[in-house]
Amino acid sequence: MFKLVIVRNNVMGESKVTEIIEKVKHLQNGDVSTAMQNMGLTYELNYGVSIPQLSELASAYNADNELAYVLLSNEIREAKILASMLFDVSKISIDQILSISTAINNIELVEQFSRNVFAKSSDLDVALPILIDIDYWQQLAAIYSAGWALKKNKDENSEIVNWSKYTISKYLESEDRHFQKSIVFLFQCLIAINNETRKEMVNLAEKLAKSENLSVQKLAQELLWISA
């Protein structure tokens, strides 16, 4: 099993983390924090700072993997999200991708790390079949990461396209709401690649719309509405 490994050997990095957390505290919003907790987004500590505010805060720092790892190890929502914005993905190995994924334990972190880190990795095609077999949140991260990668690159012949087609077919029957939402997102990204892929995915949705499973029918109809 993969696990997150943090090496703290940079005093200046630790100082930056302290500085960043202090800036986060000045932006805290208790009402937002409470609302997020009511939505099921549970963190040990949550200051309720918005994603745009965190993005602006991150822009004041250079990408720094050691800094990002230390932020990720903090049990603070904002620190973890800022970590996703400060990783230098070009210097992250596939083993590190898998290690980082173990720190993901809710849908917000899935969304942030899939877009900000995993989708940018040149090793994503290798990481996807591993991530999808680890655990619930890593499975979701794999699906969202594939979607963001397709959305960014629109590579018509990539392994990511083939993996995405297979994954949609495999998970379309899931009744889990997070999985359904991730499949819809991946479907949207796939049909935007080219007309051939669009036709293939629409044919799949039409076939599944005739399923006896009402949940599958509903999801297939949503996919058809999206592709119309």
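The values are calculated or read from the model by the stated rules, or taken from the named source; none is laboratory data. All values reported here derive from a predicted model rather than from experimental measurement. In this analysis, Cβ positions are derived from the backbone assuming ideal geometry, glycine residues included, and neighbour counts consider all displayed protein chains. Heavy atoms of the whole protein, side chains included, go into the accessibility calculation; ligands, DNA and RNA do not. Shrake-Rupley method; radii C 1.70, N 1.55, O 1.52, S 1.80 Å.
Before moving on, here are some points about what is shown:
- Being open to solvent by less than 80 Å² (accessible area, probe 1.4 Å), within 15 Å of the chain's Cα centre (by Cα), at negative phi and among the aromatic types (Phe, Trp, Tyr) is a property that does not hold for Trp163.
- Residue count for region 173-196, restricted to those that are more than 18 Å from Trp137 (Cβ to Cβ), surrounded by 17 or more Cβ atoms within 10 Å (Cβ to Cβ) and in contact with a Ser or Thr (Cβ under 9 Å, 6 or more places away or on another chain): 4.
- Scan of region 76-94 for residues that are open to solvent by 10 Å² or more (accessible area, probe 1.4 Å) and in contact (Cβ under 8 Å) with a residue 40 or more places away in the chain, ordered by number: Ile76
- Inter-residue pairs, beta-carbon under 7 Å, first over 16 Å from Ile76 (Cβ atoms) and in region 33-55, second among the aliphatic types (A, V, I, L, M) and open to solvent by 30 Å² or more (accessible area, probe 1.4 Å), 6+ apart: Ser55/Met85
- Test: residue in region 95-111 that is within 25 Å of Gly40 (Cβ to Cβ), among the charged types (D, E, K, R), part of a loop (DSSP other than H, G, I, E, B) and open to solvent by 10 Å² or more (accessible area, probe 1.4 Å): no
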